[in-house]
Amino acid sequence: MTRAVVPGSFDPVTKGHLDIIERAARIFDEIIVVVLQNPAKHTTFTVEERMDFIRRSTKNIRNVSVDSFDGLLVDYMRRKEAGVVVKGLRAVSDFEYEYQMALTNHKLNPDVETLFLNTSQEYMFLSSSIVKQIASFDGDVSDFLPEQIRDDVQKRLRKGN
Ligand code: PNS
């Protein structure tokens, strides 16, 4: 059985993330979407909220589960006996950072491979921070956020929490 992990901050999960998760779920037997800390980012939503948003957005995908971990991705992979990290690559600007992470993770654990999926064209420009900005000003985020979580994300951001 091939188990792969889709890691990220998911603050919140967007349609761009969901596209990658759905496509990864067609390639691998089992996908774990794991919410991790990115020390470079201050997050808006709690880990529990982010996991709940992902669960609700992926509930129709049979082989996807959701988890969180406070530590190194490679340690999580070892614990779960997962060998592949799946990440979405948007524009060229993502490349250097993602490549650095892939090389570092492989150095820390040579059994871990990173597979990049190109982001679908319609989500090329999409990011959680852009979506949060639009939602906080009450803009239309229907093209960007999964339907199952759209209202709750917008409500939460409108409150200014
Ligand atoms: O969605 P993001 O913020 O681009 O995801 C980055 C994330 C959370 C996957 C990355 O920061 C990460 O793996 N954090 C866990 C700590 C870790 O393993 N750091 C070393 C990676 S080089």
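Taken over the stretch 1-13, residues that are within 9 Å of the ligand (Cβ to nearest atom) and either among the hydroxyl-bearing types (S, T, Y) or more than 12 Å from the chain's Cα centre (by Cα) (or both) amount to 1. When the residues of the stretch 136-145 are filtered to those that are open to solvent by 100 Å² or more (accessible area, probe 1.4 Å) and charged (D, E, K, R), the one that is nearest to the chain's Cα centre (by Cα) is D143. Pairs are defined by a Cβ separation below 6 Å, a sequence spacing of at least 6 or placement on different chains, a first member in the stretch 106-122 that is closer than 17 Å to E22 by Cα and hydroxyl-bearing (S, T, Y), and a second member that is open to solvent by less than 60 Å² (accessible area, probe 1.4 Å) and more than 14 Å from the ligand (Cβ to nearest atom); the pairs so defined are S120/D19. Being assigned to a helix (DSSP H, G or I), in contact with a Ser or Thr (Cβ under 8 Å, 6 or more places away or on another chain), of a type outside the set (A, V, I, L, M) and closer than 19 Å to A91 by Cβ is the filter here; which residues of the stretch 103-131 pass it? Result: Y123, S128. Apart from one condition, R55 fits all of (1) free of Cβ contacts under 8 Å to residues at least 24 places away in the same chain; (2) closer than 24 Å to Q133 by Cα; (3) open to solvent by less than 70 Å² (accessible area, probe 1.4 Å); (4) in contact with a strand residue (DSSP E or B) (Cβ under 8 Å, 6 or more places away or on another chain); the exception is (3). If only residues of the stretch 72-92 that are free of Cβ contacts under 8 Å to residues at least 12 places away in the same chain and over 28 Å from K15 (Cβ atoms) are counted, the one that is nearest to the ligand (Cβ to nearest atom) is D75.
The set of residues in the stretch 14-64 being over 21 Å from F144 (Cβ atoms), away from the ligand (no atom under 11 Å from the Cβ), assigned to a loop (DSSP other than H, G, I, E, B) and not polar (S, T, N, Q) consists of F28, D29, R62. Of everything in the stretch 93-120 that is within 13 Å of the ligand (Cβ to nearest atom), among the charged types (D, E, K, R) and open to solvent by 60 Å² or more (accessible area, probe 1.4 Å), the residue that is modelled with the lowest pLDDT is E96.
Considering each of Q148, Q133 in turn, give the residue that is of a type outside the set (S, T, Y), touching a residue at least 12 places away in the same chain (Cβ under 8 Å) and open to solvent by 30 Å² or more (accessible area, probe 1.4 Å). I'd like the intermediate steps shown before the answer.
Values: Q133 fails: touching a residue at least 12 places away in the same chain (Cβ under 8 Å).
From the options Q148, Q133, the qualifying one is Q148.
The values are calculated or read from the model by the stated rules, or taken from the named source; none is laboratory data. Given the structure is predicted, the values throughout are model-derived calculations rather than measurements. Note that each Cβ is placed from the backbone with ideal geometry, even for glycine, and that neighbours are counted across all protein chains shown. Surface accessibility is based on the protein's heavy atoms, side chains included, excluding ligands, DNA and RNA. Shrake-Rupley method; radii C 1.70, N 1.55, O 1.52, S 1.80 Å.
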